[in-house]
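Written out below as structure tokens is the structure these notes cover.
The values are calculated or read from the model by the stated rules, or taken from the named source; none is laboratory data. Computed from a predicted structure; not experimentally measured. Positions of Cβ are backbone-derived with ideal geometry, glycine not excepted, and every protein chain shown enters the neighbour counts.
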Amino acid sequence: YSLAHELQQRKVDRDITEFWFYMNTKLEKLKTNGNNEAAKDILKTAQDYQRTLRNDMQSLYDTDEMDKWREKEGKELGELVQKRLHYIQNPKDCSKAKKIVCNLSKGCGYGCQLHHVTYCLITAYALERTMVLESKGWRYAAAGWETVFLPLSDNCIDRQGQGARHWSDPRNLVNEMAIEMPIIDSLHPRPDFLPLAIPEDLAPRLTKLHGNPSVWWIGQIVKYLTRPQPHLQKDIESVNQRLKFSGPIVGVHVRRTDKVGTEAAFHGIDEYMKYVEEYFDLLETKQKVEKRKIFLASDDPSVATEARQKYPHYEIINDPDITQSAGLNKRYTDESLRGIILDIHFLSLCDHLVCTFSSQVCRVAYEMMQTMYGDASSKFKSLDDIFYFGGQNAHNEKVVERHVAQSNTEIDLEPGDLIGIAGNHWDGFSKGLNRRTGKTGLYPSYKTIDHVTTSKMPLYRQVS
Ligand code: GDP
């Protein structure tokens, strides 16, 4: 199939989703506000229609062995990126290799720190340099990154006494042996290769393959960074066996404690389970599900107890040791490091994710999930944000259909306009800034498509 065909297919799928968000929100309101019996009936029947449409779309997406093609293409592209990363990380002569120095001392959680290192490795890739990670004294494991993950290089893991210049205009840094990266939020000037940009040379294949090429690309970087040490790999395998981890299973991540009220709102377990139910209702129209299963991860150990009480017909999988080590009082200990790595690993192995993308934990799981399928871009439901990379360059959507504002909360759209998207309200509308008119407001999500940005990065012909 052509690229145009794949894009059109994904657009129809998204239109169905957005149409359903709109109808569902409106009918739910009608139903509860007026205790309206007709609305209740329509909602129930519309739900059936919606499920059928989704299944039809899925069958269409996977016909003619396209799913097999996607799997193969995803694997090949993934191997290509991994080879390139291996190449920059293993220079012939470390003392002569130009470097990016990245320090793990960013004062935040594991997901946030992993994303910091991710942005450093993207920088290294974009500038064809070797990344050196300075991780001694890491708040999660004082001995550093290699406590759990393989070293990022076989022969080049320190800066060899070379002094590093701080980041500035890359044109002035060309001859510098080592460049030290600040945290992404204070990066200046801001290069165009930062997420959500993808390498230009991979773009044609990647946009055909995947519904969210940026996440796929970030997932590959995360994959390289988090290659487990043999002891961690063994640990993962034995926990996998102990938990009898198997599908179909939905990964649920409930972020509470210090996040609630500061960076995100509180969401009750029922809000997550509503989407888990939807997932299984849909699946059961196609196959028999012996037992509905979720893998539950949270930084609040009481969530699992509550979920077991309220959802006794579900098999709720989690490791009690990990759950106990996830609490706020245990944060930044060795056990909590093991816990968060395992939780993210199992979340990423699930068939679908329900979580809040305001949390880097779930975003990392979603990124890693992409490395295991051809296209897993739609295997999630976020209760709050759309996917983003902290500190990313502007994320734009492109208008494909005209819109005339229906109220003063909405904005006008003309085909071709670029909209800086702030968020999807999951009710048929998104909020954003129309860069042509300078106005911010709501618009129907289906009238835009994602605008993928590309950046010219080295072609790595040596390993293509
Ligand atoms: P964010 O604050 O949610 O965006 O994510 P971060 O990863 O930056 O920081 C949150 C930290 O809280 C994690 O790194 C973990 O240490 C801990 N944490 C949060 N959620 C979970 C969870 O589901 N399981 C475990 N084991 N730890 C968690």
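Within segment 53-71, residues that are touching a residue at least 24 places away in the same chain (Cβ under 8 Å) have Cβ atoms under 8 Å from residues that are in a helix (DSSP H, G or I) and of a type in the set (A, V, I, L, M, F, W, C) in these pairs: LEU53/ILE16; ARG54/ILE16; ARG54/LEU282; ASN55/LEU282; MET57/VAL12; MET57/ILE16; ARG70/LEU209, counting only partners at least 6 apart in sequence or on another chain. Has segment 76-87 got at least one residue that is more than 26 Å from ILE157 (Cα to Cα) and part of a helix (DSSP H, G or I)? Yes, some residue in segment 76-87 is more than 26 Å from ILE157 (Cα to Cα) and part of a helix (DSSP H, G or I). Under the condition of being surrounded by fewer than 19 Cβ atoms within 10 Å (Cβ to Cβ), in contact (Cβ under 8 Å) with a residue 24 or more places away in the chain and more than 16 Å from the chain's Cα centre (by Cα), the residues counted in segment 409-431 number 6.
When segment 345-370 is filtered for residues that are under 20 Å from ALA422 (Cα atoms) and either in contact with a His (Cβ under 6 Å, 6 or more places away or on another chain) or among the polar types (S, T, N, Q) (or both), the ones remaining, listed by number, are CYS355, THR356, SER358, SER359, GLN360, CYS362. The residues of segment 348-374 that are near the ligand (Cβ under 8 Å from one of its atoms) and part of a helix (DSSP H, G or I), listed by number, are GLN360, VAL361, CYS362, ARG363, VAL364. In this structure, LEU328 does satisfy being surrounded by fewer than 19 Cβ atoms within 10 Å (Cβ to Cβ), closer than 26 Å to GLU367 by Cβ and either in contact (Cβ under 8 Å) with a residue 40 or more places away in the chain or within 12 Å of the ligand (Cβ to nearest atom) (or both).
The helices (runs of 4 or more DSSP H) found wholly in segment 177-258 and carrying at least 2 residues that are acidic (Asp, Glu) and over 27 Å from HIS395 (Cβ atoms) occupy 230-243. Taking the numbered list (1) touching a Gly at 6+ places or on another chain (Cβ under 8 Å); (2) more than 22 Å from ILE449 (Cα to Cα); (3) modelled with pLDDT of 95 or more in turn, LYS398 passes all entries but (2).
Taken over segment 96-135, the criterion of being part of a strand (DSSP E or B) and either of a type in the set (Lys, Arg) or farther than 27 Å from ARG255 by Cα (or both) is satisfied by LYS99, ILE100, VAL101, CYS102, THR130, MET131, VAL132, LEU133, GLU134.
Within segment 143-176, the residues that satisfy the criterion of being outside any loop (DSSP other than H, G, I, E, B) and surrounded by 17 or more Cβ atoms within 10 Å (Cβ to Cβ) are TRP145, THR147, PHE149.
Taken over segment 319-338, the criterion of being modelled with pLDDT of 95 or more and in contact with a strand residue (DSSP E or B) (Cβ under 9 Å, 6 or more places away or on another chain) is satisfied by LEU337 alone. Here VAL289, VAL276 are screened, and the one residue that is part of a loop (DSSP other than H, G, I, E, B), modelled with pLDDT of 95 or more and away from the ligand (no atom under 13 Å from the Cβ) is VAL289.
The single condition among (1) over 30 Å from LEU296 (Cα atoms); (2) outside any loop (DSSP other than H, G, I, E, B); (3) among the basic types (Lys, Arg) that LYS381 does not satisfy is (1). Look at segment 260-272: where a residue is within 13 Å of the ligand (Cβ to nearest atom) and a partner is part of a helix (DSSP H, G or I), sitting 6+ places away or on another chain with Cβ atoms under 9 Å, you get TYR272/ALA307.
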